[in-house]
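Worksheet: the structure to be examined is printed underneath.
The values are calculated or read from the model by the stated rules, or taken from the named source; none is laboratory data. Values in this document were obtained by computation on a predicted structure and should not be read as measured data. All Cβ positions, glycine included, derive from the backbone under ideal geometry; neighbour counts span all protein chains shown.
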Amino acid sequence: MVNISSSKAPQNITPDEKQAAQSAHGINETMKGQFMDPRVRAAMQALAVGVDVNGIELNDDAVQVLRVGNNVVLSLADTPYVARISPEGRDLKAILSELYFTTALAQRGVKVVTAATGLAQNPVQTKSGIVTFWNKLESLPTLNYQQFGQELRNFHEVSGDIDVEMPTWDHFTLLNDRLELYRQSTSSEDVDLLLEISKELEATCKQLISSSELGVSTVHGDAYTGNTIQTKDGVYLCDFERVATGAPLEWDLIPEAVVVRRLGGNAENYHQFCKGYGRDVMEWEHFQTFALMRELRMTTFLFQNSHRPDVAKEIDVRMRLWRDHADTSVWTAK
């Protein structure tokens, strides 16, 4: 067993997961009837192993689902931890790099959510996914957008100097793989259309990366409000699984601009974000291309939940853009 300060990767933990779930206090009760999404149920099984390995005591109804997306994020009541469960197949080495990277950021004064230390093992690899435990922060309900922009700027000023091997920016491989994965559950015609658009955007993107006005360096990769936590001490950045090198720094400014452009976001909030960072990415001559890249990702992201009627309806709304680039339909966050 090792923690994140160790240079060795953790061993693959393979106890009987049913037994681990039965011995992890509070988890069985929480699972009864409350979490029907299969990804959440798998995450709960993985969490059962993680808390059992680390001797974390949970009371009944102690687990709250914070987010179901690429990962499942769970808040553990009466503990100092938030658990993130990455799906089966996620690269353990990549997760370890993420933990090392966030630790290095914090050491350089960037406000980031850091991995929990002092546990027997973090991360914990299970048959149902990889569990990582993170330090829980006391959050405030209202985000200060200027502080968000300032902290993202702080991140950019040091991220390129951190000596942790991170992947090279590759926006399109994951996107295209996601499209092929959901071909069976989504209109094949829609998939073909989006794959064609993806290839066109990829070719254009490769020509424009060197045209960055802010520089090409290490980006967060998914810098939007959902990956921030407002505290009394300022805004903390979180969820660094999309960190990559070799990207235009403008990429991290695109998400908030798209919120205004497609989701009817508050213009004053966006103004404060730009004020904090010191730049409005909408003024960049290549904004349109990179905004479309983000919007394509936001469309394909929904395919994993296309079985839900509300999500299927939203997919139809977003597909209007790809059939007619002049479409101005307002999207709804899902």
Residue check: is V219 of a type in the set (V, I, T), more than 20 Å from W284 (Cα to Cα) and touching a residue at least 24 places away in the same chain (Cβ under 8 Å)? no
Only residues in the range 272-283 that are under 13 Å from H156 (Cβ atoms) count as the first member; pair them with residues that are polar (S, T, N, Q), Cβ under 8 angstrom, at least 6 apart or cross-chain, and list the lot. G276/Q146; G276/Q147; G276/Q150; Y277/Q150
Looking at I162 and the list (1) closer than 26 Å to P255 by Cα; (2) assigned to a helix (DSSP H, G or I); (3) more than 18 Å from the chain's Cα centre (by Cα), which single condition is not satisfied? (2)
Taking the range 58-70 and the residues there that are farther than 25 Å from S306 by Cβ and modelled with pLDDT of 90 or more, the one that is surrounded by the most Cβ atoms within 10 Å (Cβ to Cβ) would be V63
Condition test on M1, is it of a type in the set (A, V, I, L, M), at pLDDT below 95, under 30 Å from V164 (Cα atoms) and assigned to a loop (DSSP other than H, G, I, E, B)? yes
Of these, L214, L201, which one is under 19 Å from E295 (Cα atoms) and surrounded by 16 or more Cβ atoms within 10 Å (Cβ to Cβ)? L201
Residue selected from the range 83-94 under the condition surrounded by fewer than 22 Cβ atoms within 10 Å (Cβ to Cβ) and of a type in the set (A, V, I, L, M, F, W, C), by the criterion nearest to D233 (Cα to Cα): A94
Residue pairs within 7 Å by beta carbon, gap of at least six or interchain, first lying in the range 77-89 and on the phi > 0 side of the Ramachandran plot and in a loop (DSSP other than H, G, I, E, B), second of a type outside the set (D, E, K, R) and surrounded by 15 or more Cβ atoms within 10 Å (Cβ to Cβ), listed first then second, are D78/A62
Take the residues in the range 286-334 that are outside any helix (DSSP H, G or I) and in contact (Cβ under 8 Å) with a residue 60 or more places away in the chain; name whichever of them is nearest to S212 (Cα to Cα). H286
Take the residues of the range 283-321 that are of a type in the set (K, R) and within 12 Å of L194 (Cα to Cα): which is surrounded by the most Cβ atoms within 10 Å (Cβ to Cβ)? R318
